[in-house]
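The values are calculated or read from the model by the stated rules, or taken from the named source; none is laboratory data. Values in this document were obtained by computation on a predicted structure and should not be read as measured data. Positions of Cβ are backbone-derived with ideal geometry, glycine not excepted, and every protein chain shown enters the neighbour counts. Surface areas here come from the heavy atoms of the whole protein model, side chains and all, with no ligands, DNA or RNA. Shrake-Rupley method; radii C 1.70, N 1.55, O 1.52, S 1.80 Å.
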Amino acid sequence: MDGQLDRRAELSEFLRTRRARLKPEEVGLPSFGRHRRVPGLRREELAQLAGMSVAYYTRLEQGNGRNVSAEVLDAIAGALRLSDAEHAHLLDLAKPKRQKRKSVARTQQVRVALLQLLETVDTVPAYVSGRRTDILAWNRMAASLFGDWGRLPLGERNWSRLVFLDPEYRDRFVDWEQKASDMVSWLRMDAGRHPDDPRLSALVGELSVKSEEFRRLWAEHDVKEKSHGVKRMRHPLVGDLTLSFETFRLVDDPDQSFVTYHAEPGSPSAEALRLLASWGTDAAAPSTLTERRA
């Protein structure tokens, strides 16, 4: 890694992998059986579906997205059946917004009011995440559920690093494979928005060297936005929990998100969270509300 991701290569691989996952019969085209030499759609088939010349689409898939119109990208997104997150990622790669370099490296800070809100929300695990899946701030319940992030060096307070490099997190998430896939998909979205971020490039390089699973998932070019869902956790003190999470992206800083976990009222998981809250520092190493200034 030379301090930034190659946007042209990213665009090329993203389009290629999206094209490869579509079968001709799924889009109303003949498959010609086993005589096909490529997985998924051919370039000429995709160009036909998007209503453009093969030469034009080929140049785009080779990473040359210069001066491509939003209408053309919309047509390609429709032909490839991209999700909203994938469509946004395609736009980030093909039509990047101009950014000042210092804005990429700026310090991420959590507003005082948001830190106070974390203290107030003391019955459910909650934290603030930022660029590169960094963990910026959290409350006592989050430390009880996930582990005491305050004991980690600043550079290790990062979800992607923990999921792929810390064996404890393989045990803490029952569906670890899904959690790992989600982390890479979220990190890919960030890479599309900020490909010239040297810290992100360094993180991707480190994880690629140290984790075979990360290398495999990164090569798939899947992307998604973190929103809401369900996670099954396995806590060393209270056992298994099924928790719903909600993600609230900050309007004034879209690179930061406020994330909460909660259990269905009256469920065994709700009782487990209540026990974690009552045990306090006995459920995790002593921790107070901590802010990381990345």
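Assorted remarks:
- Positive minus negative residues near ASP122 (Lys, Arg vs Asp, Glu; Cβ under 14 Å): +1
- Solvent accessible area, Å² - TYR127, 1.4 Å probe, full protein context: 0
- Against the criterion of solvent-accessible heavy-atom surface with a 1.4 angstrom probe, ARG42, ARG131, ARG8, ARG140 sort, most first, into ARG8, ARG140, ARG42, ARG131.
- Accessible-area composition of the chain, carbon plus sulfur, in percent [1.4 Å probe]: 51
- Figure note: TRP186, TRP159, TRP279 ranked by solvent-accessible area, largest first, 1.4 Å probe, ligands and nucleic acids not counted: TRP279, TRP186, TRP159.
- Each residue of segment 223-230 was assigned a 3J(HN,Hα) from its phi angle through the Karplus curve 6.51 cos²θ - 1.76 cosθ + 1.60 (θ = phi - 60°); the sequence is 9, 7, 8, 6, 9, 8, x, 10 Hz, with glycine and proline shown as x.
- Residue-level accessible surface for ARG59, protein heavy atoms, 1.4 Å, Å²: 110
- Here the translational diffusion coefficient of segment 36-173 follows from Stokes-Einstein with Rh set to the Kirkwood radius across Cα pairs; for 25 °C and 0.890 mPa s it amounts to 129 µm²/s.
- Extreme residue, positive dipole direction of segment 34-86, given options ASN67, LEU46, LEU82 (C-beta unit charges): LEU46
- The solvent-accessible area of THR133, taken with every protein chain present and a 1.4 Å probe, is close to 20 Å².
- Angle in degrees between helix 70-80 and the longest Cα principal axis of the chain, rounded to the nearest 10: 80
- Net charge dipole size for the chain [Lys, Arg +1 and Asp, Glu -1 on Cβ; Debye, nearest 20]: 1060
- For TRP138, the residues whose modelled amide H falls within less than 5 Å of its own, excluding neighbours fewer than 5 places apart on the same chain, are VAL128, THR290.
- Computed over protein heavy atoms with a 1.4 Å probe, the accessible surface of the chain works out to 50 Å² per residue.
- Charged-residue dipole, Cβ positions (Lys, Arg, Asp, Glu), segment 115-262 about Cα centre, Debye nearest 20: 180
- For PRO265, the shell of other residues with beta-carbons less than 12 Å away shows a net charge of -1, using +1 for Lys and Arg and -1 for Asp and Glu.
- Local net charge near LEU22, Cβ-Cβ under 11 Å (Lys/Arg +1, Asp/Glu -1): +3
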